[in-house]
Amino acid sequence: MQSQPGDVRIVASSWVPEAPVAKVLAEAFATDPHTTGMLARGKDGRPDQPERRLEILFRLLLADGLAGGGAVDLAIDADDRTLLGVALWEPPGFTLSPWRPLTGLPTYARAFGTRILQAARTDRSAVQHRPAEAHWYLHLLGASPSARGRGVGGRLLRHGLARADEAGLGVYLESSTPENVPFYEKFGLVSRGPVPAYGTADPIGMWREPGTPSA
């Protein structure tokens, strides 16, 4: 029997199978204007093979996130254990090896192509605009298109917010589109305005004080 909406289980993991998890994220972000706007372009000027390039990029980001002490939460179908969604969080003091910009360069080049410098400037801008307060940073949140309507994104977000609240920490994220801002506002996040990006749409920085109730 097909699972009904709500049959979703959230699992916090210190290890993930990067390929299937990256695939779900790539499907979720394949039409996201901010994310795909940084990818390599085809002859028609549009993002070239966005899902394939995003899978390459997200596998690296997942590996980096876990290596740096981050947390990955998985939304799983409670009946057939299908992967429905993923959230990647970075804790306060998140750090990577100083060699990562060099060792990760071939992967970034495969994802961004000739737009790699714009992508790097956009990433630096995002880092510079993060709050000075200690916080958990929601790097990625995505649900499989086949899971839409099941509340996967909300379940994943609540799980991460509860972890931050338990530690007495705020939460920060960038909403990649203005259309997603009302969704995050329901969970107590407040817009801090656009974060300058280069060659793609500006995301919106959003902050939540610890313990802020959801609507």
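Derivation of every value follows stated rules applied to the coordinates shown; laboratory data play no part. Here the structure is a predicted model, which means the values were calculated and not measured. We place every Cβ from the backbone using ideal geometry, glycine too, and count neighbours over all the protein chains shown.
For the range 158-191, a tally of residues being more than 20 Å from residue 91 (Cα to Cα) and basic (Lys, Arg) returns 1.
If you go through the range 5-26 and keep only what is surrounded by 18 or more Cβ atoms within 10 Å (Cβ to Cβ) and in a helix (DSSP H, G or I), you end up with 21, 22, 23, 24, 25, 26.
Residues in the range 75-89 that are over 13 Å from residue 23 (Cα atoms), surrounded by fewer than 21 Cβ atoms within 10 Å (Cβ to Cβ) and either in contact with a helix residue (DSSP H, G or I) (Cβ under 7 Å, 6 or more places away or on another chain) or not basic (Lys, Arg) (or both): 76, 77, 78, 79, 80.
It is to be established whether one or more residues within the range 39-55 are in contact (Cβ under 8 Å) with a residue 12 or more places away in the chain, surrounded by 18 or more Cβ atoms within 10 Å (Cβ to Cβ), touching an Asp or Glu at 6+ places or on another chain (Cβ under 6 Å) and not basic (Lys, Arg). So far as the range 39-55 goes, yes, one or more of its residues are in contact (Cβ under 8 Å) with a residue 12 or more places away in the chain, surrounded by 18 or more Cβ atoms within 10 Å (Cβ to Cβ), touching an Asp or Glu at 6+ places or on another chain (Cβ under 6 Å) and not basic (Lys, Arg).
Scanning for something assigned to a loop (DSSP other than H, G, I, E, B), more than 18 Å from residue 205 (Cα to Cα) and under 16 Å from the mean Cα position of the chain (by Cα), does the range 43-57 turn up at least one residue? Taking every residue of the range 43-57 in turn, none turns out to be assigned to a loop (DSSP other than H, G, I, E, B), more than 18 Å from residue 205 (Cα to Cα) and under 16 Å from the mean Cα position of the chain (by Cα). Taking the numbered list (1) in a helix (DSSP H, G or I); (2) within 17 Å of the chain's Cα centre (by Cα); (3) surrounded by fewer than 18 Cβ atoms within 10 Å (Cβ to Cβ) in turn, residue 69 passes all entries but (1).
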